[in-house]
Amino acid sequence: MVLFRAVLILGVTYSLISSVLSISIPSSAKRADGPSNRGTSSSPVYRDHIAKEALKRDPGYQKFTRNAREYGNSTIEKVGIIGAGICGLYTALLLDSMGIAYEILEANPDHVGGRMWTYRFNRTAWENSKPGEPDYYDYFELGAMRWPNITWQKRLLDPALNYSLINIINNHPKTTEKDKVNLIKYVFTMDNNTFNYNDVFRWRFQGLTGDPFKVGIPKKGNVPENLAKENVVEVYGDAFKSFTTLFDESFADGWKEVLKYDDMSVRTYLREKAGLTDIEIDWLETVNDATGHYELSVAQLAVEQWLFSASEWVQPLGGMDRVTYALSKIVQPIYTNTTVTKISAVGGQVENGLNVSTSNPNKPWSIYSHVINTAPLGAVQAIDMTDPALKLTYEWKSAIRKLNYDASVKVGIKFKYRWWQEDLPYHIFGGESYTDRPSRRHDYPSYGMDVADAPGTMIASYTWSQDALRLSSYLHDSKGLESLKRIVLTDLSKTHNVTYEYLEDLYVDMHAYSWYDSPYSVGGFALFTPSQFSTIMPRIATPVQNRIFFAGEALSSGHAWVIGALNSAVRAVAELLSTSSDSREMVYDLCCKWGWVDELEYDWYVPSDSTPTAPGGSCDHCKVTSP
């Protein structure tokens, strides 16, 4: 299951690894440079040489270096990074470690961090507080909100890896004690969470069997009695069990298997493979997912099912933007309020560099030798790249337009106190409650649960897909927002078996955000429909003229997850380095400093004269060991 493999090259020298920012290496790992062991089979220099030679013979490694032969050996000068979300910031971190100059261009004038965005009802009070004080917990997440603590997340979370992102941030000399990222437990579910389906209230600990929501045909519903009496969470999990078991054993093997069904929607899969009717499938979707999500690819939702089955979850104390804020202090320069409007070749030849035009009058254009575009694809579509010198194919342009992004809306409400922890018959400390009403999900904070007088701030509604598109209609004026408040408070009252008047009396403030209404994201996150992984995505993951590279969660196997963005950044930087005259050494150095990602992440990449293929093959770069 290890997607992000640790560096296993025995010959990596101390000086090579420790050059990554401030990564510390134990003294026992330092090389002995004395003449007595140089040139012998036991010397680090010899082992390093053997490992490098083995790496150069690796077929997957050739995937990057061969493109240098297509377009010649380019010189990497200054790189333009489009987007200062987590992918853009991490890309800059990688380039920093390789000694490559860059600039980050961010369209948003007020925010760095992209879809890692924490909202605070009173930012001034939060900034003047510290952990343990009530004001410190007055926040909720507009975007990313939790991480499953599994091996697949090693590049992000693993405390044993020097190059895990949290370790990099916390050990960097530019990171102050206050800005260090502290991970705490995220409570994904608890027995005292609740359900409300078909206007029937139920505590989670009461279970889902026996048709408690009266949706079965004998109770004047439309769901066949046998399914209505079952726990449909388990029914859905069993339908995907073969995939999730494979993912547990090896993510790459699981991916190769699930991709065989990439041309099939989840609805079709459940109909043909699980023998369910459409009415039964509708009931599964209602309880397990968002309205319309079963039209997505089997490959897409199989990964989601595996991830959401994780037993342990974590989150950064103080908000997800603690990560991007700390990173923004490490990587510079970042130009905000700088929307990229056009990319063209200098003098009609990409070999002369790329001219990147922006909306910023103080930085109207810049010349870069290469560009790494980390912006969401909806924003990329708005960039003028019609210069014939870029040689963009219709297939590439169509892919940018067609790859599916899901809608996402969050509504945060601040109450006078945490009534769900204090007033209900069974107290709720974290987790989620679910309903088929418009709000769909209610998320309770897993932070500040033991802090007296912690603010009553919660995610009162978290929606995706059609559910989110409908709620987003209320976000555009005061009348709509007043309606949204009424809808969400009504739903909360039904899902918790309390009165509307009780919640209205506790109400303090509300903030709602729709990611499809943002010109900086133009969508929530990538969730692919049938065949998009195998037939459309590979073309976008291919560099344009070996000068423009694409990264982001959409161009990975980890859609909607931070780890997918990090993963894709490593791929994009490896592709960039492969065009350099020193490509073999530079790609090798990247591998040794940052580890290697799973083979499937690199198999999206194809040379410009090849036909895109589905993921497969082998790439064992940093598994090479010396004799």
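The values are calculated or read from the model by the stated rules, or taken from the named source; none is laboratory data. Keep in mind that what you see is a predicted model, and the values were worked out from it rather than measured. Reconstructed Cβ throughout: ideal geometry from the backbone, glycine too, with neighbour counts over all protein chains shown.
Here Ala160 fulfils each of the conditions (1) farther than 30 Å from Lys494 by Cβ; (2) of a type outside the set (D, E, K, R); (3) touching a residue at least 12 places away in the same chain (Cβ under 8 Å) apart from (3). Tell me whether the stretch 127-137 contains one or more residues that are in contact (Cβ under 8 Å) with a residue 12 or more places away in the chain and under 14 Å from the mean Cα position of the chain (by Cα). No; the residues of the stretch 127-137 include none that is in contact (Cβ under 8 Å) with a residue 12 or more places away in the chain and under 14 Å from the mean Cα position of the chain (by Cα). Restricting to the stretch 445-475, name every residue that is within 22 Å of the chain's Cα centre (by Cα), among the aromatic types (Phe, Trp, Tyr) and within 23 Å of His293 (Cβ to Cβ). Hits for the stretch 445-475 are Tyr462, Trp464. Just one of (1) within 19 Å of the chain's Cα centre (by Cα); (2) within 30 Å of Phe240 (Cα to Cα); (3) crowded, with 23+ Cβ neighbours inside 10 Å fails for Gly319. It is (2).
With the structure loaded, tell me whether Glu601 is outside any loop (DSSP other than H, G, I, E, B), buried (at least 24 other Cβ atoms within 10 Å of the Cβ) and modelled with pLDDT under 80 or whether it fails that test. Break it down stepwise before answering.
Working: outside any loop (DSSP other than H, G, I, E, B): yes; buried (at least 24 other Cβ atoms within 10 Å of the Cβ): yes; modelled with pLDDT under 80: yes.
Yes: the conditions hold for Glu601.
The set of residues in the stretch 255-296 being in a helix (DSSP H, G or I), surrounded by 20 or more Cβ atoms within 10 Å (Cβ to Cβ) and touching a Pro at 6+ places or on another chain (Cβ under 8 Å) consists of Trp255, Leu259, Glu280.
Tyr588: in contact with a Leu (Cβ under 7 Å, 6 or more places away or on another chain), crowded, with 23+ Cβ neighbours inside 10 Å and at negative phi, yes or no?
Working: in contact with a Leu (Cβ under 7 Å, 6 or more places away or on another chain): yes; crowded, with 23+ Cβ neighbours inside 10 Å: yes; at negative phi: yes.
It is true that Tyr588 is in contact with a Leu (Cβ under 7 Å, 6 or more places away or on another chain), crowded, with 23+ Cβ neighbours inside 10 Å and at negative phi.
Which residue is surrounded by the most Cβ atoms within 10 Å (Cβ to Cβ), if the candidates are limited to the stretch 111-126 and must be of a type in the set (S, T, N, Q) and within 28 Å of the chain's Cα centre (by Cα)?
By that ranking, first place goes to Thr118.
Scanning the stretch 343-389 for residues that are part of a helix (DSSP H, G or I) and farther than 15 Å from Val79 by Cα turns up Gly347, Gly348, Leu377, Gly378, Ala379, Val380, Gln381, Pro388, Ala389. Residue count for the stretch 508-558 satisfying the condition of being among the polar types (S, T, N, Q), closer than 21 Å to Val356 by Cβ and at pLDDT below 95: 3. Among the candidates Phe213, Phe243, Phe251, Phe205, the residue that is farther than 24 Å from Gly292 by Cα and at pLDDT 95 or above is uniquely Phe205. Is it fair to say Ala574 is surrounded by 23 or more Cβ atoms within 10 Å (Cβ to Cβ), modelled with pLDDT of 80 or more and assigned to a loop (DSSP other than H, G, I, E, B)? No, not satisfied. Which of the residues that make up the stretch 337-389 are under 24 Å from the mean Cα position of the chain (by Cα), surrounded by fewer than 17 Cβ atoms within 10 Å (Cβ to Cβ) and of a type in the set (S, T, N, Q)? The answer is Asn337, Gln381.
When the criteria are applied in full, Ser408 fails the requirement of being buried (at least 23 other Cβ atoms within 10 Å of the Cβ) and either over 25 Å from the mean Cα position of the chain (by Cα) or closer than 18 Å to Asn497 by Cα (or both).
Evaluating Thr151 against the criteria (1) in contact with a strand residue (DSSP E or B) (Cβ under 6 Å, 6 or more places away or on another chain); (2) surrounded by fewer than 18 Cβ atoms within 10 Å (Cβ to Cβ); (3) of a type in the set (Val, Ile, Thr) leaves one unmet condition, (1).
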